[in-house]
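The structure appears below as structure tokens.
The values are calculated or read from the model by the stated rules, or taken from the named source; none is laboratory data. Just so it is clear, the structure is predicted and the values come from calculations on it, not from any experiment. Virtual Cβ from ideal backbone geometry, glycine too; neighbours counted across all protein chains shown.
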Amino acid sequence: MRPLASLLCATVLILGLSTARAADAPPIAAAADLKFALAEAASRFERDTGLALKLTFGSSGNFTHQIEQGAPFQLFLSADENFVFRLADKGLTADRGVLYAIGRVVLFAPHGSPLHVDSELRDLKAALADGRIKRFAIANPDHAPYGRAAHSALRHSGLWETIEGRLVLGENASQAMQFAASGSSQGGIVPLSLSKADEIAKLGTFALIPAEWHADEPLRQRMALTKSAGATARAFYDYLQRPVAREILVRYGFALPGERVN
């Protein structure tokens, strides 16, 4: 099995069968919570169309700054629609994009952790009180939407002040997942979409946190083409709105636009 870090770190993934095609692959920036779902959708897209893609995964906030500074991404899939709106307001996208999914967060604990997962974070509260929790992982709230959702959920449960000094901050949601699943912490609040991936699900257990606990950070995920988007990026943008891609997103735990999120 490949090391967990190699599965979850921010990566560049080039999909293509030939050097020439890979060189022509449009660069696409995607939120880290899409690491597994989008890679699968992109692979299906290439098989269906014969077109190559170059995917880069990371934090939505960092990508927004990079695009503002001239990074040549042709399609941006953000975990927070406000980043897309920010770019649109600056005239850096083709339009205001489309909502493609609603994300969710879970409490995750690796096998062997003294933390027992539950949706109401009851054992997390007890574990903080009795000293079972030394390190706890979330994405950095400064630029990662999933970090802000975790922060909101911890505040809702009244645990933020207690846990703040024990936090291990991932640069993005994938790195937070790595910290939570590798055993370097006793657990974390991380994306459902990463926790459901086969490579991660076998490493621990998780419980879905109620959406209303982070209602001020609803993880409305929006994508938009940039002004430099070419034909392949536009084709993939359209592909992601089709049933074949939407089914993949649902399988990884995303809610679709218009669906009720509990």
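If only one of Phe179, Phe206 is in the same structural domain as Leu121 (by TED's automatic domain parsing), surrounded by 19 or more Cβ atoms within 10 Å (Cβ to Cβ) and outside any helix (DSSP H, G or I), which one is it?
Within the list Phe179, Phe206, the selection yields Phe206.
Give me the strands (runs of 3 or more DSSP E) completely within region 33-149, filtered to those with at least 1 residues that are more than 18 Å from Pro218 (Cα to Cα) and at pLDDT 95 or above, ordered by residue number.
The qualifying strands (runs of 3 or more DSSP E) are 53-58, 75-78, 105-110, 136-139.
Looking at region 93-102, which of the residues that are of a type outside the set (S, T, N, Q) and touching a helix residue (DSSP H, G or I) at 6+ places or on another chain (Cβ under 6 Å) is farthest from Pro243 (Cα to Cα)?
Looking at the filtered set, the residue picked out is Arg96.
Within region 217-235, track down each residue that is in a loop (DSSP other than H, G, I, E, B) and farther than 14 Å from Phe83 by Cα.
Lys227, Ser228, Ala229, Gly230 - these are the residues of region 217-235 that are in a loop (DSSP other than H, G, I, E, B) and farther than 14 Å from Phe83 by Cα.
Identify all residues within region 89-117 that are exposed (fewer than 14 other Cβ atoms within 10 Å of the Cβ) and not assigned by TED's automatic domain parsing to the domain that holds Thr226; write none if there are none.
His111, Gly112
For region 27-41, indicate whether the set of residues that are assigned by TED's automatic domain parsing to the domain that holds Leu167, touching a residue at least 60 places away in the same chain (Cβ under 8 Å) and surrounded by 14 or more Cβ atoms within 10 Å (Cβ to Cβ) is non-empty.
Taking every residue of region 27-41 in turn, none turns out to be assigned by TED's automatic domain parsing to the domain that holds Leu167, touching a residue at least 60 places away in the same chain (Cβ under 8 Å) and surrounded by 14 or more Cβ atoms within 10 Å (Cβ to Cβ).
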